[in-house]
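The values are calculated or read from the model by the stated rules, or taken from the named source; none is laboratory data. From a predicted model like this one, the values you see are computed outputs, not experimental measurements. Virtual Cβ from ideal backbone geometry, glycine too; neighbours counted across all protein chains shown.
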Amino acid sequence: MKSILALIRLELQMELRRKYALGGALLYVLSTVFVIYSSLQDAKELPWNALFWLVALFIAVNAVAKSFAIEQDGTQLYLYQLASGIHIIMAKIIYNVLLVMLLLSLSTVAFLLFLAIPILHMGLFFCTIALGSLSLGIVLSFISAIANKTDSSAVFTAILGFPVLLPILLSLIKLTEASFSEEMLPVSHDIIILLAIDTILLGLILILFPIVWKD
């Protein structure tokens with residue numbers, strides 16, 4: 001854990017040095033929500049579920065998908081000498097999950113301020129945000145790690161990411177729809193599906209990433 005925490009601190013220090021990256025993500029959140037607010041007239045008929053997760057997906061991809069691509073070869077060699085591949089990918093995943101959770105929370109605040117998004121079950125909605133942050137952080141961290149080893153990282157990210165993200169987004173949409181519904185819909189099945197996907201992906205990452213890292 002000391003090694004993982006040290007790597008998380010390193011990620012945070014590198015992020016603070018690149019203020020434009022975090023600032024760009026925050027600007028993207030505010031500008032996107034404001035454009036939606038300015039463009040759509042009848043707020044009562046907005047497809048809240050689709051709008052929220054479209055914004056959330058693009059925010060997460062922009063913030064996380066390049067987490068390995070921004071590192072220079074010298075930095076990767078330095079980390080390779082200091083820590084194991086499992087420590088590095090776990091630190092990346094934890095940091096990216098927290099980053100996505102922060103950005104999605106800011107998106108929620110922006111939606112509440114500008115668009116008055118009709119959340120009826122706030123606890124379920126924030127539970128969905130936490131599950132979505134966990135899933136997107138795990139998936140995008142691993143995709144970024146693999147895509148960084150290819151010549152066409154953007155194309156490879158899209159090809160690999162879509163089939164993995166699709167079942168996650170479908171479950172998140174169902175959970176969000178339940179948080180907007182006046183009746184309390186059954187959601188345990190979708191929560192179990194999300195946790196199962198996260199567990200399988202995390203197990204694959206811990207097995208495959210050390211091999212990719214050594215290449």
task: Within the range 192-202, count every residue that is within 20 Å of residue 122 (Cα to Cα) and crowded, with 16+ Cβ neighbours inside 10 Å.
output: 1
- line: Within the range 160-215, residues in contact (Cβ under 8 Å) with a residue 40 or more places away in the chain, not β-branched (Val, Ile, Thr) and not in a helix (DSSP H, G or I) come out as 181, 182, 184, 215
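Going through 93, 89 one at a time, which residue ends up being surrounded by 16 or more Cβ atoms within 10 Å (Cβ to Cβ), modelled with pLDDT of 85 or more, β-branched (Val, Ile, Thr) and closer than 14 Å to residue 205 by Cα?
Numbers: 89 fails: modelled with pLDDT of 85 or more.
It is 93.
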query: On the given criteria, is residue 174 among the basic types (Lys, Arg), crowded, with 16+ Cβ neighbours inside 10 Å and either out of contact with any Cys (no Cβ under 7 Å at 6 or more places or on another chain) or at pLDDT below 85 (or both)?
result: yes
task: For residue 139, state whether it is closer than 23 Å to residue 30 by Cα, modelled with pLDDT of 80 or more and of a type outside the set (Lys, Arg).
output: no
message: Just the residues that are at pLDDT 80 or above, surrounded by 19 or more Cβ atoms within 10 Å (Cβ to Cβ) and of a type in the set (A, V, I, L, M), please, taken from the range 102-124.
response: 103, 104, 110, 124
